[in-house]
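Participant: Just passing along the structure, written as structure tokens.
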Amino acid sequence: MSKTKSKTEPIVVRALRTHQADGLDVFAFFIRGADIVRVADISRIERDGNDELKGFQRPEIRNHVRGIVDYLNQGAVLFPNAIILAMSPEVKFSASRGPAPTGDEGIAQAGKLIIPVRPQGECVAWIVDGQQRSLALAQAQNRDIPVPVVGFVSDSVEVQREQFILVNKAKPLPTRLINELLPETSGLLLPRDLSTRRVPSELCSLLNRDPNSPFHKLIKRPSDRGPSHGVITDTAVITMIRNSMNHALGALAPFKATAQDPANFEAMYKVLCTFWAAVKNVFPEAWGKDPRHSRLMHSAGIEAMGMLMDRIYAKLSSGNEDLKTVQREVERVAPHCRWTKGTWEAIGMNWNEIQNLPRDIKRLQDALVRAYATGPSR
């Protein structure tokens, strides 16, 4: 049934073309399932040698792919789920000649779409949604299953990331993957719930990249490949930042966006660097260790210390305090902290019994706030 073609011969399909956004071409067409990976690359999320974010796709989920292959191999199966591709302007479209059908509303134009075939890594399209399905289709016994495809023409990685986030927003896409991608999508008017997540995610990324940050290379990101020095989950850092921004008396709250002004990113970053540098100086024996050996680097410790940051800055109030000033305030709780050994007297828990549970985090927060309120001034 399948027509024999050379590996480099372009794929030609009938397609419908319309326009969206600022005149971007959008195509709808069918293609053999096995041909999707011939024309489209999977842009894996990773960082290059300069720590620049590349790609956007999560790693292959082998069990998921295997399950789809098993379904496809059952025989005559229905597969109406469209694959979404970002396509390079190298694809060529020729409109069909002749008058439009009677009653045609002119929403789309029929014609021929020519898609060049290139080696993997040099393809003219990228999979935005459907990577697991595409991998499964390439492995299925029936390589001729006609699969619907919607492709938009843009070789901008930023546009591709934006569409990837929006397409997967309602699906079980890992929160950490969305968080790492959000700072790289500055050109899109995101829905409100995603827009409010961008600043915390961007601050987290900068804290991890900046050599002058106390968190430099200590935060684990989905793009990590191979050995990593990361010990803190990005989710913990982002939650700490978001909590501070959203609390009425939070250290970062005065600098978040308002109806009149954008968020003061630089001011928030300065507060974070100053406070956490002070924490690093006060607890050097607990800093940078695996959470199994230091609860300061644990999600519970990060969130609890974030609450302490809010209390300290509420007292100091100006937001421009220097490192020495903030460090003196952090030192007030030091005698009561048990990050790497011992028992937290205020809550009756051994240091390594504290878990990433709301109950444990609340207890730890209360213990730190009480210690700060009663601790000696320096």
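Participant: Pull out all pairs, ordered by first then second residue, where Cβ-Cβ is under 9 Å, the residues are six or more apart or on different chains, the first lies in the stretch 205-218 and is surrounded by 15 or more Cβ atoms within 10 Å (Cβ to Cβ), and the second is in a loop (DSSP other than H, G, I, E, B) and among the hydroxyl-bearing types (S, T, Y).
Facilitator: L206/S213; L207/S213; K217/S228
Participant: Filter the stretch 228-261 down to residues that are under 19 Å from the mean Cα position of the chain (by Cα) and among the hydroxyl-bearing types (S, T, Y) and give me whichever is nearest to M305 (Cα to Cα).
Facilitator: For the stretch 228-261, the residue satisfying everything is T239.
Participant: While we're here: From M268, M309, grab the single residue that is modelled with pLDDT under 95 and open to solvent by less than 10 Å² (accessible area, probe 1.4 Å). Reasoning before the result, please.
Facilitator: On the way: M309 fails: modelled with pLDDT under 95.
Of M268, M309, the one residue that is modelled with pLDDT under 95 and open to solvent by less than 10 Å² (accessible area, probe 1.4 Å) is M268.
Participant: Residues that are at pLDDT 55 or above, small (G, A, S), farther than 30 Å from A108 by Cβ and assigned to a loop (DSSP other than H, G, I, E, B): does the stretch 26-45 have at least one? Spell out how you get there, then give the answer.
Facilitator: Quick first cut of the stretch 26-45, residues at pLDDT 55 or above only: 26-43.
Right, trim to small (G, A, S) and you get 28, 33-34, 40, 43.
Now narrow it down to the ones that are farther than 30 Å from A108 by Cβ: none.
Taking every residue of the stretch 26-45 in turn, none turns out to be at pLDDT 55 or above, small (G, A, S), farther than 30 Å from A108 by Cβ and assigned to a loop (DSSP other than H, G, I, E, B).
Participant: Do we have T274 as surrounded by 18 or more Cβ atoms within 10 Å (Cβ to Cβ) and not aliphatic (A, V, I, L, M) here?
Facilitator: Numbers: surrounded by 18 or more Cβ atoms within 10 Å (Cβ to Cβ): yes; not aliphatic (A, V, I, L, M): yes.
Spelling it out, T274 is indeed surrounded by 18 or more Cβ atoms within 10 Å (Cβ to Cβ) and not aliphatic (A, V, I, L, M).
Participant: Here is a list: A314, A257. Which entry is in a loop (DSSP other than H, G, I, E, B) and open to solvent by 20 Å² or more (accessible area, probe 1.4 Å)?
Facilitator: Working: A314 fails: in a loop (DSSP other than H, G, I, E, B).
Of A314, A257, the one residue that is in a loop (DSSP other than H, G, I, E, B) and open to solvent by 20 Å² or more (accessible area, probe 1.4 Å) is A257.
Participant: What number of residues within the stretch 93-117 are open to solvent by 30 Å² or more (accessible area, probe 1.4 Å) and either assigned to a strand (DSSP E or B) or touching a residue at least 40 places away in the same chain (Cβ under 8 Å) (or both)?
Facilitator: Qualifying residue count, the stretch 93-117: 9.
Participant: Taking the conditions exactly as written (acidic (D, E) and modelled with pLDDT under 65), does D129 satisfy them or not? Break it down stepwise before answering.
Facilitator: On the way: acidic (D, E): yes; modelled with pLDDT under 65: no.
Criteria not met by D129.
The values are calculated or read from the model by the stated rules, or taken from the named source; none is laboratory data. Predicted model, so just to flag it, every value in this text is computed and none were measured. FYI the Cβ positions are ideal-geometry reconstructions off the backbone, even for glycines, and counts take in every protein chain you see. When the accessible area is computed, the model is the full protein with side chains, heavy atoms only, and any ligands, DNA or RNA have been set aside. Shrake-Rupley method; radii C 1.70, N 1.55, O 1.52, S 1.80 Å.
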